[in-house]
1. Test Lys95 against the criterion of being of a type outside the set (S, T, N, Q) and under 18 Å from the mean Cα position of the chain (by Cα), and give yes or no.
2. Looking at segment 39-93 only, could you name the residues that are without any contact (Cβ under 8 Å) to a residue 12 or more places away in the chain and within 23 Å of Cys115 (Cα to Cα)?
Amino acid sequence: NGECNWAEETQTCLDAPVNPCVNLTKDKCKKKCAFTIKPTKVRACLVKKQTKFEHDCSQYGKKIPCKKIRVCKFANGRCFHKCDGLAKKKCIKKKFCKPVKVANSCFGCQLVTTCGLSR
């Protein structure tokens with residue numbers, strides 16, 4: 001594909017799964033794909049940039065090491081940042097999180113397994 005320009009990247013690009021929904025028009029985006037027009041942006045709660053509160057919590061697979069980091073939370077068998085998935089009001093209350101609008105990852109034609117049918 002056109003994204004693989006360097007010899008080192010060729011194998012990685014060849015191994016990457018192909019998304020059959022990429023660049024399809026609304027009419028051609030059928031059974032295996034879901035088409036979303038709105039919203040183009042969705043609300044999210046992110047960690048304030050360049051702070052001591054930035055941390056990759058997903059690297060911890062067990063409860064004890066996860067809980068030792070004050071910005072991490074362990075639930076449903078996985079470790080994640082306390083800002084992840086918060087609603088706007090709760091996000092504002094956390095001093096290390098900020099509510100933002102980000103591009104909707106399900107915008108346009110996407111796989112049903114990725115974004116679901118109700119889009």
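Bear in mind these aren't lab numbers, they're just calculated from the coordinates by the rules spelled out. Small disclaimer: the values here were computed from a predicted structure and weren't measured. Ideal geometry is used to build each Cβ from the backbone, glycine not excepted, and the neighbour counts take in all protein chains shown.
1. On the way: of a type outside the set (S, T, N, Q): yes; under 18 Å from the mean Cα position of the chain (by Cα): no.
When the stated conditions are applied, Lys95 does not pass them.
2. Across segment 39-93, the qualifying residues are Ala75, Asn76, Gly77.
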